[in-house]
Amino acid sequence: MEDLVSINNLNIEARTRAGTLKVVNDLSFTIKKSETLCVVGESGCGKSVTALSLMSLLPEGILKVSSGDILFDNTNLAQLSEAELEGIRGNEISMIFQEPMTSLNPLFTAGEQVSEVIRRHKNLNKEKAWASAVELLDAVKIPNPDKRAFDYPFQLSGGQRQRVMIAIALACQPKILIADEPTTALDVTIQAEILALINMLKQETGTAVMFITHDMAVVAQMADRVVVMHPGKKVEEGTVHEIFNNPQHEYTKSLLAAVPKLGEMASKKYPEPMRLVGEKKTKALKPIVGTNEPLLKVNNLVTRYPVKGGVLRRTIARVHAVEDVSFTIMKGKTLSLVGESGCGKSTVGRSLIRLVEPTSGNVNLDGQNILSLNPKDMREARSNIQMVFQDPFASLNPQRPLFDQVAEPLRNYGIVKREVLQEKIGDLFDRVKLPRSFMQRYPHELSGGQRQRIAIARALALNPKLIIADEAVSALDVSVQAQVLNLMMELQVDLGLSFLFISHDMAVVERVSHDVGVMYLGRLVEIGPRQAIFRNPQHPYTQDLLKAVPIADPDKRKSERELNFKPLPSPIHDLTHDPAPSEYKEVAKNHYLLTTDCGY
Amino acid sequence: MLMVLLVVVVLNFLMLHLAPGDIADTIAQTMGGADEQDMAELRKQYGLDQPFFIQLFNYVVKVALLDFGQSHFYNLPVFDLIMERFPATLLLVFSAQILSLFVGILLGVYAAQNPNGLSSLFVNMFSLFGYAAPVFWTGILLLIAFSLHIPIFPVSGMRDITIESGNFFVHFFDVLRHLFLPMITLASIFFAYYSRLCRASMLEVLGADFVRTAKAKGLSKKDVLLKHALKNSLSPVITFAGLSFSAVVSGAILVETVYSWPGLGTLAFNSIISRDTPVLLGILIFSTLMVTVGNLLTDLMLKALDPRIKI
């Protein structure tokens, strides 16, 4: 087949204060007409920069193509004028981006933003452009497109915004669509729908797709061919089957090894660390058994937020964030809560340490009723439960050295004498496998994985019994994610820690948990031992959720027919709404299924 | 909004009441001294012998009925006095505000295009001068320049008294000619703020994802800049313009004094000197009203600009 894009010996340099830095190094590959090429690699490997250079949109003064050329449809893009490039962008080459929340202009309606690109390239008048924008919104499956076209981005959900972005990108039937991590910021169910949509539209229009991702499971779902990049260079290229079944380069192998694959733990009763490439084969991976002694018992936890409104800011409605949830965490074991964003899983974690005040219920930690404690005793109790948050960039103070940040909880509770503080912090740094020389550094000097280790060290400082990890590895690259997960599991064995692991990533959850609870709209719809939930899901929502997870195996692709998610109903109800209590039936030993209607 | 006005009325009254000396002293002074009995008589005439709270209550009720009392100095109703001057101040304040916004945004957008370039440096220097220079100094400088060296604009007053007849346009251009210098002087501080703010806000917005999307659509540089980026970067500028409305009003007092512009500023200046309490209170209430209305307008403008804002 004919080459549509051919990139030859491309070098891209970044101008920094420290001098010029090669971001892309001697990169060559081609994209054929109507094929999907996945470019895969971790953050900073130059994959997005390559995509931007294909759009000729490298940020001026910062990044520059220093040599090599990019041929698009046999034209050298470097030789075109700015006006000619403007005629190509959005018309023949178009692009969708990672963040649907910020990629649309907040001050223009969806219809305006779609019709703008049509008017720019197709010379249609306002009415005709609007009509075809509505048709496009229909094609990307936005319900009631003629009405939703008048909505502003903030009135659309994340998935719908990404659909609008796709409508913009496909408006002029481009020859190639560049998708830069288009589903990374989305829930797994919405990701599955968006991927299926891109595949469907691709088949209908015959456009080529350059798909950029760090997620091997997504690669397996989408790619015809794959280019693997590792700091600025192409390390391997091949068809999707070649890459998955017979990877040649060490880096590709390690990337594949680091991806938790759904189903690979099916035969194992207990979680165990991952085997990373480079570790000795002889190193035994010990399963984490834990105990059967309960540490935390949660009964009928309810958390509702008031919605204020009117002139007097009175409570006019309530968000039913957590609705009658009960579970138990054993000492030395991990319970995972999974569900889509907005299902209330993070609120459960926050309610446990009363960062938000629960409306009712019982939380019992090692015999102590947390919800009835006065502020002083609550402060003491908090030292037993620590949290690790999602964003390692935002959850560390950028202006304090790491030593102070890890030492803060110790100083705060005043339990360690000043003379031994240094030694204690040193031990914590050893524990999370960071060199002690990092103690006087600042967060900006660390990578994402290193920062998350600091967050874990800070959580460990008070010798807690329970750690609540709220999407603690979601923002990390796969290989770093694997290391942090292994670290957490190691600490669990060494210190007998219990984890409440909150995550939307089913494959990670399968790797780390003893027990799993599935949440939907504030309710726990199903809870039980991990093997039971993954092998024998009973609730229709759990079944659909598991179906949506992309599998890192190109032979197990999903078609859109398999997916039928209903949009999440609103959890906001008026003050008189009194939901029925959650009733469960035991379908197998310790495997409970919600029998109350949860709205799914 | 009504609460704000009421609180200001009470506070203003307190402030003036707490200051040493009263109108009786002033009148006595201008008369060249008075004995105890005359002073008591004067105080009774102006209601100053009443208990504090009754004075306050009487005042609030009167204000609510738009009765600001009589000016001690001009011996005219304060309300009429203010209404006579108010349009001039309104004209000055609004024209200066609009001019400084327009120029500020224009310069800000221009500077943001090339943040490290020469043009940006020039705009920065210009702005720095704008807010470093005190408004009376700029005023006097312009006054000297245009009265002595380039006498093309009149330097004082609002109308040319030699023009008596003529149609609407003649008067209109006459006022416009007089307005020019005070307006420039007053605008000179604020365009500096606005241009700096607009530049910073534009720079931030130009790095946003949706600007990248706009470029990826193949839009021209002009459309990306003026349609997608500018609209998003306006809200901090407008918010600040609303907040600085009170500063513009107080700046107007200085400018009016320098150019003898017959507005509330000159009136305020004169009544401070002559301790004309009722006039001063009336002016304070009017400027409060002006500032609150200005803030309300800002909110409405922001709402029109950004559909996410709810009032």
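Coordinate-derived values only; no laboratory data. Predicted, not measured: the structure shown is a model, and the values here were computed from it. With ideal geometry, Cβ positions are generated from the backbone for all residues, glycine too; neighbour counts draw on all protein chains shown.
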Which whole-number percent is the relative contact order of chain B (Cα, under 8 Å, 6+ apart)? 26 percent
Looking only at B:GLY207, B:GLY265, B:GLY242, which one moves most when chain B is put into a Gaussian network model with springs between Cα atoms under 10 Å? B:GLY207
For a Förster distance of 51 Å, can you work out the FRET efficiency between the beta-carbons of B:ASN58 and B:THR239, rounded to the nearest 0.05? 0.85
Quick query: amide H of A:ILE178 versus all other amide H atoms, modeled in the peptide plane; which residues come in under 5 Å with a sequence gap of 5 or more or a different chain? A:SER94, A:MET95, A:ILE96, A:MET210
Residue of B:ILE140, B:ILE285, B:ILE273 that the Gaussian network model of chain B assigns the largest fluctuation, springs spanning Cα pairs under 10 Å: B:ILE273
Relative contact order [Cα under 8 Å, 6+ residues apart], the stretch A:1-116, whole percent: 28 percent
Just the number, please: percent antiparallel of the DSSP beta bridges in the protein assembly as shown, rounded to the nearest 5. 60 percent
What order do you get for B:THR257, A:THR576, A:THR16, B:THR213 when you list them from fewest to most C-beta neighbours inside 10 Å? A:THR576, A:THR16, B:THR257, B:THR213
Largest-first principal axis extents of the Cα set of the stretch A:237-277 (Å): 37, 18, 11
Take the Cα atoms of the stretch A:95-237, find their three principal axes, and give me the spread along each one in whole Å, biggest first. 49, 30, 25
May I ask you to compute the full-extension gain from A:ASN397 to A:ILE62, defined as 0.36 nm times their residue separation minus their alpha-carbon distance, rounded to one decimal in nm? 117.9 nm
What are the equivalent ellipsoid semi-axes of the stretch B:164-311, built from the alpha-carbon gyration tensor (square roots of five times its eigenvalues), in whole angstrom, biggest first? 39, 20, 14
Using alpha carbon coordinates only, what is the Rg to Rh ratio of chain B, with Rh defined as the Kirkwood radius? 1.07
Output needed: percent of Cα pairs per 10 Å distance bin for the stretch A:408-521, bins running from 0 to the one holding the longest distance. 12, 43, 32, 11, 1
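For every other residue with a beta carbon closer than 14 angstrom to the beta carbon of A:THR347, add +1 if it is Lys or Arg and -1 if Asp or Glu, then tell me the sum.
0
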Counting pairs of alpha carbon atoms under 8 Å apart in space and at least six apart in sequence, what relative contact order in percent does chain A give? 15 percent
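Work out, step by step, the length gained on full extension between A:LEU80 and A:HIS577: first 0.36 nm times the residue separation, then minus their alpha carbon distance; give nm to one decimal.
On the way: separation 497, 0.36 × 497 = 178.92 nm, distance 6.28 nm.
My answer for the length gained is 172.6 nm.
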Looking only at Cα atoms, what is the convex hull volume of the stretch A:15-72 per residue, in Å³? 96 Å³
Could you estimate the translational diffusion coefficient of the stretch B:62-183 from the Stokes-Einstein equation, with Rh from the Kirkwood formula over C-alpha pairs, at 37 °C and 0.692 mPa s, in whole µm²/s? 183 µm²/s
Measure of size requested: the Rg and Dmax of the stretch A:475-541, with Cα atoms as the atom set and Å as the unit; please supply both. 13.2, 38
Which values, in whole Å and largest first, are the semi-axes of the equivalent ellipsoid of the stretch A:346-466 obtained as the square root of 5 times each eigenvalue of the Cα gyration tensor? 28, 17, 11
For the stretch B:231-311, fraction of C-alpha pairs farther apart than 15 Å, in %: 63 percent
For A:PHE499, enumerate residues with amide H under 5 Å from its amide H, sequence gap 5+ or separate chain, H modeled in the peptide plane. A:LYS333, A:THR334, A:LEU335, A:ILE467
Measure up A:LYS333/A:LYS433; A:LYS22/B:LYS215; A:LYS33/A:LYS126 against 30 Å on the Cα-Cα distance and list the ones that go over. A:LYS33/A:LYS126
Would you look at the GNM of chain B, springs on alpha carbons closer than 10 Å, and say which of B:PHE86, B:PHE13, B:PHE57 moves the most? B:PHE57
Could you work out the equivalent-ellipsoid semi-axes for the stretch A:182-334, taking the square root of 5 times each eigenvalue of the Cα gyration tensor, largest first, in whole Å? 40, 30, 13
Mind giving me the nanometre distance, one decimal, between the label points for A:GLU204 and A:THR184, set 7 Å out from Cα along Cα→Cβ? 2.8 nm
Using θ = phi - 60° and the Karplus relation 6.51 cos²θ - 1.76 cosθ + 1.60, list the HN-Hα couplings for the stretch A:96-108 in order, rounded to whole Hz, with x at every Gly or Pro. 10, 10, 5, 9, x, 5, 10, 7, 9, 5, x, 9, 10
A:GLU35: net charge of surrounding residues, Cβ under 9 Å, Lys/Arg +1, Asp/Glu -1, itself excluded? +2
With just the Cα atoms of the stretch A:259-415, tell me how far they stretch along each of the three principal axes, in Å, largest first. 68, 40, 33
May I have the pair-distance distribution P(r) for the protein assembly as shown, computed from all Cα-Cα distances with 10 Å bins from 0 and rounded to whole percent? 2, 10, 15, 18, 17, 14, 11, 8, 4, 1, 0, 0
Tell me, A:SER336, A:SER474 in order of fewest to most beta-carbon neighbours within 10 Å? A:SER474, A:SER336
For chain A, the longest stretch holding no GluC sites (Glu not before Pro) located in a DSSP loop with at most 14 other Cβ atoms within 10 Å is which? A:280-582
